[in-house]
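K.L.:
One structure follows; several queries about it will come next.
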Amino acid sequence: MTVASNALIQVTPGLMIWTIVCFLITLYVLKRFAFGPIQKLIDERRERIRRALAEADEARDEARKLLEEHRKLIGEARGEAEEIRSVAKHEAEAQLRRVKDEAEADRQRRLEDTRKQIEAETRRSLEAIRSEVAELGLIAAEKVTRGALGDKDQRRLIDEAIGELDFSVLERND
């Protein structure tokens, strides 16, 4: 019977036991001083990554909420701006109408004042003309009658003559 000629392939119970003991000691040392801390570091890193992802999700949700809020505020601001613009436009139109109405009222008032002044001036002019005509009539009557009539008679004749004159033609030409 030939056992393997290579020493590495030969089964040696003592060597096997020492190999298993060394393996178990190495496994215990690695588990206690290497695998435990390494596993702990891996678990800590996994937990940090999980927290970071959770925080990122929360931040993303908060960013979405803020974006929605921002869009809502912009919409409200646009609505308010449109309302303010509309109110300002209506106020401007109302003020323009009021100014036009005031200007028209002022124009009408001035036209009425001017018309009244013209009528008053026309009356004064007619009175002046009547007075001049009366004076001329007195002078003419005095020259014609050369003192034959008294002052009262002359005045009565002049008033009758003036009453017969038609001044309405002058009044209509205003």
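Here, each number is a calculation from the coordinates, and none is a lab measurement. Note that this is a predicted model, so its numbers are computed, not measured. Because the Cβ atoms are built from the backbone with ideal geometry, glycine has one as well, and the counts that use them run over all protein chains shown.
K.L.:
Within region 124-131, can one find any residue that is assigned to a helix (DSSP H, G or I) and under 60 Å from the mean Cα position of the chain (by Cα)?
P.N.:
We begin by selecting, within region 124-131, every residue assigned to a helix (DSSP H, G or I); these are 124-131.
From the residues that got through so far, the ones that are under 60 Å from the mean Cα position of the chain (by Cα) too are 124-125.
Within region 124-131, one or more residues are assigned to a helix (DSSP H, G or I) and under 60 Å from the mean Cα position of the chain (by Cα).
K.L.:
Restricting attention to region 106-124, which residues are in contact (Cβ under 8 Å) with a residue 12 or more places away in the chain and not β-branched (Val, Ile, Thr)?
P.N.:
First, pick out the residues of region 106-124 that are in contact (Cβ under 8 Å) with a residue 12 or more places away in the chain: 118-119, 122.
Across region 106-124, the qualifying residue is only GLU119.
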